[in-house]
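The values are calculated or read from the model by the stated rules, or taken from the named source; none is laboratory data. Only a predicted model underlies this, so the values are computations on that prediction, with no experimental measurement involved. Using ideal geometry, Cβ is built from the backbone for each residue, glycine included, and neighbour counts are taken over all protein chains shown.
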Amino acid sequence: MENRYILGIESSCDDTSAAILCNNKLLSNVIASQAVHAEFGGVVPELASRAHQQNIIPVITTALRRAGIEKEQLSAVVFTRGPGLLGSLLVGTSFAKALSLGLNIPMVEIDHMQAHILAHFIQNSEGSKPMPSFPFLCLTVSGGHTQIVRIDDYFKMEVLGQTIDDAAGEAFDKVAKIMSLPYPGGPFVDKLAKEGNPYAFSFPKPSIPGLDFSFSGLKTSFLYFLRDRLKEDPQFIEKHKNDLCASIQHSIITILMDKLNKAVKHTGIKQVAIAGGVSANSGLRNAMTKMNETQGWITFIPEFHFTTDNAAMIAIAGYYKFLNNDFAQQSATPYSRSGSR
Ligand code: KG4
Ligand code: ZN
């Protein structure tokens, strides 16, 4: 088969990223993260879109250079159409449209959440990475989403359950904020949890029917628990930070794994993947590996650089749509939420 060079562009939130694939093999994946948001304790949409504007040309130029190709060799340009911040999405979408017209190549639009899942199909340069076969289940856990998805084909996906309030990443970030850890807090909780006891403190588990999740109650009980302890000892957080991180992380992972286990039993599908920013969490990765050993699951855990937002996942998803001749129109507009197209 003829070599197809695919450019992926991701700009849905606070990472500007560009990646180049040759068919399903990754040649380069460049990510410019935006430090500007840390001091505000969350992503500031207006600042995010301005930073995307500044970063997009250097990021794409670097991705092409690292891949060792010229833009004229590209077969298609792929962009994230949503969900995400509209101003941020507009930067990637508009750039893709201009490039498509300028180079006279087709463009492909991709849903960010589907791309997190399809990151499991990015092949290494030897083409030797094990990949899931259909059907498989995926726990997609990011800053904005928490879903259990059944995947029957590249673009035939069904959401079996999802959060009814906060996302798992949001839960990590909110408890981190309560403990005055920097934003985004997930990686900091993960790091401190490694030194703590996951059974030091326990927090009530939500009882939500089916395969749906809820995390807002956990955050509230963590807040009230600390408020009471701080009354007795203003140094409580400082003294117990590692144990607090280990315990709250353990609670979040238990909620996730219980539902995932339920989904496996319910569907009989034992190929199980995790995806999204929270799939970088070492506790969650260990819990998955354990299920491999004890329950006979065949698990797929993404490489670290494919967990948080990146354009390699956009490019691979686009490659499969490209093979289906499923192209986007110049009239395509970004959407902020899943289902709001
Ligand atoms: O997928 P992602 O990069 O962006 C969204 O699409 O939301 O996910 C970002 C989320 C943040 O909430 C961040 O705190 C969380 O992923 N995260 C982690 C870890 N690394 C990133 N949460 C827990 N442990 C980690 N190691
Ligand atoms: Zn994401």
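Looking only at the stretch 116-128, count how many residues are surrounded by 16 or more Cβ atoms within 10 Å (Cβ to Cβ) and either outside any helix (DSSP H, G or I) or touching a strand residue (DSSP E or B) at 6+ places or on another chain (Cβ under 7 Å) (or both).
Within the stretch 116-128, the subset surrounded by 16 or more Cβ atoms within 10 Å (Cβ to Cβ) is 116-123.
Adding the requirement that they be either outside any helix (DSSP H, G or I) or touching a strand residue (DSSP E or B) at 6+ places or on another chain (Cβ under 7 Å) (or both) leaves 116-117, 119-120, 122-123.
Total satisfying the criteria: 6.
I'd like to know if the stretch 146-162 contains one or more residues that are touching an Asp or Glu at 6+ places or on another chain (Cβ under 7 Å), buried (at least 24 other Cβ atoms within 10 Å of the Cβ) and in contact (Cβ under 8 Å) with a residue 60 or more places away in the chain. Among the residues of the stretch 146-162, not one is touching an Asp or Glu at 6+ places or on another chain (Cβ under 7 Å), buried (at least 24 other Cβ atoms within 10 Å of the Cβ) and in contact (Cβ under 8 Å) with a residue 60 or more places away in the chain, which makes the answer no. Identify all residues within the stretch 293-302 that are more than 13 Å from ligand 2 (Cβ to nearest atom) and at pLDDT 95 or above; write none if there are none. Of everything in the stretch 293-302, those that are more than 13 Å from ligand 2 (Cβ to nearest atom) and at pLDDT 95 or above turn out to be Thr294, Gln295, Gly296, Trp297, Ile298, Thr299, Phe300, Ile301. Here Ser279 clears all of (1) more than 16 Å from ligand 2 (Cβ to nearest atom); (2) within 22 Å of Phe213 (Cα to Cα); (3) small (Gly, Ala, Ser) except the condition numbered (1).
Determine which member of the set Phe300, Phe304 is under 21 Å from the mean Cα position of the chain (by Cα), under 27 Å from Phe222 (Cβ atoms) and of a type in the set (Phe, Trp, Tyr). Walk me through it before giving the result.
Details: Phe300 fails: under 27 Å from Phe222 (Cβ atoms).
Result of the check over Phe300, Phe304: Phe304.
The residue pairs whose first member lies in the stretch 88-99 and is within 13 Å of Ala51 (Cβ to Cβ), whose second member is among the small types (Gly, Ala, Ser) and surrounded by 23 or more Cβ atoms within 10 Å (Cβ to Cβ), and whose beta carbons are closer than 7 Å, counting only pairs six or more residues apart or on different chains, are Ser88/Ser11; Ser88/Ser12; Ser88/Ala48; Val91/Ser11; Gly92/Ser11. Residue selection: Ser279 fails the criterion of being more than 10 Å from ligand 1 (Cβ to nearest atom) and of a type in the set (Ser, Thr, Tyr). Against the criterion of being part of a loop (DSSP other than H, G, I, E, B), more than 16 Å from ligand 2 (Cβ to nearest atom) and of a type outside the set (S, T, N, Q), Pro198 qualifies.
Looking at His305, His250, His240, which one is modelled with pLDDT under 95 and either of a type in the set (Lys, Arg) or in contact with a helix residue (DSSP H, G or I) (Cβ under 9 Å, 6 or more places away or on another chain) (or both)?
His305
Quick one: is Phe225 touching a residue at least 24 places away in the same chain (Cβ under 8 Å) and either more than 15 Å from ligand 1 (Cβ to nearest atom) or buried (at least 18 other Cβ atoms within 10 Å of the Cβ) (or both)?
Against the criterion (touching a residue at least 24 places away in the same chain (Cβ under 8 Å) and either more than 15 Å from ligand 1 (Cβ to nearest atom) or buried (at least 18 other Cβ atoms within 10 Å of the Cβ) (or both)), Phe225 qualifies.
No other residue among Ser214, Ser207, Ser247, Ser202 is in the same structural domain as Thr146 (by TED's automatic domain parsing) and either within 16 Å of ligand 1 (Cβ to nearest atom) or buried (at least 19 other Cβ atoms within 10 Å of the Cβ) (or both) apart from Ser247. A single entry from Asp166, Asp190 fulfils the requirement of being away from ligand 2 (no atom under 16 Å from the Cβ), in contact (Cβ under 8 Å) with a residue 24 or more places away in the chain and in contact with a Ser or Thr (Cβ under 7 Å, 6 or more places away or on another chain): Asp190.
Residue-wise test of (1) within 14 Å of Leu118 (Cα to Cα); (2) of a type outside the set (A, V, I, L, M); (3) touching a residue at least 24 places away in the same chain (Cβ under 8 Å); (4) not assigned by TED's automatic domain parsing to the domain that holds Gly210.
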position: Leu256; (1), (2), (3), (4): no, no, yes, no
position: Ala263; (1), (2), (3), (4): no, no, yes, no
position: Met291; (1), (2), (3), (4): no, no, yes, yes
position: Gly296; (1), (2), (3), (4): no, yes, yes, yes
position: Met313; (1), (2), (3), (4): yes, no, yes, yes
